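Heads up, the thing below is written out as structure tokens.
The values are calculated or read from the model by the stated rules, or taken from the named source; none is laboratory data. This structure is a prediction, so every number in the text was calculated from the model and none was measured. For neighbour counting, all protein chains shown are included, and Cβ atoms are generated from backbone atoms with ideal geometry for every residue, glycine included.
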Amino acid sequence: MRTTIDVPIHIRQQLSQEASSRNLKGFSKIIIEALEKYFHSKSNDRKKAVDRLRGSMASAEHTKALKDLQEGRSKWRT
């Protein structure tokens, strides 16, 4: 899928240099690699945050919070 993004000149220059050093014609592979790394990192950050909270909520609180979350999600418009 194709899309258009606006990037500052200095980042475009860095993309050009990186693409050239990898003998690539475009930036897609570099951008995909960066986005995958970014989202993987965010996922790991969330897991660490959840791990830090483990045991901080009583079972009844957890059950109620989970029920409230599921109910709220069922009402989301997409």
(request) Just name the residue that is modelled with the highest pLDDT out of those in the stretch 27-65 that are part of a loop (DSSP other than H, G, I, E, B) and surrounded by 10 or more Cβ atoms within 10 Å (Cβ to Cβ). (result) Phe27
(request) Spot the failing condition for Ala58; the list is (1) closer than 30 Å to Met1 by Cα; (2) more than 23 Å from the chain's Cα centre (by Cα); (3) among the aliphatic types (A, V, I, L, M), and only one is missed. (result) (1)
(request) Report yes if Lys75 is over 23 Å from the mean Cα position of the chain (by Cα) and exposed (fewer than 10 other Cβ atoms within 10 Å of the Cβ), otherwise no. (result) yes
(message) Which of the numbered conditions does Asp45 fail, given that it passes all the others? Conditions: (1) under 16 Å from the mean Cα position of the chain (by Cα); (2) within 23 Å of Met1 (Cα to Cα).
(response) (2)
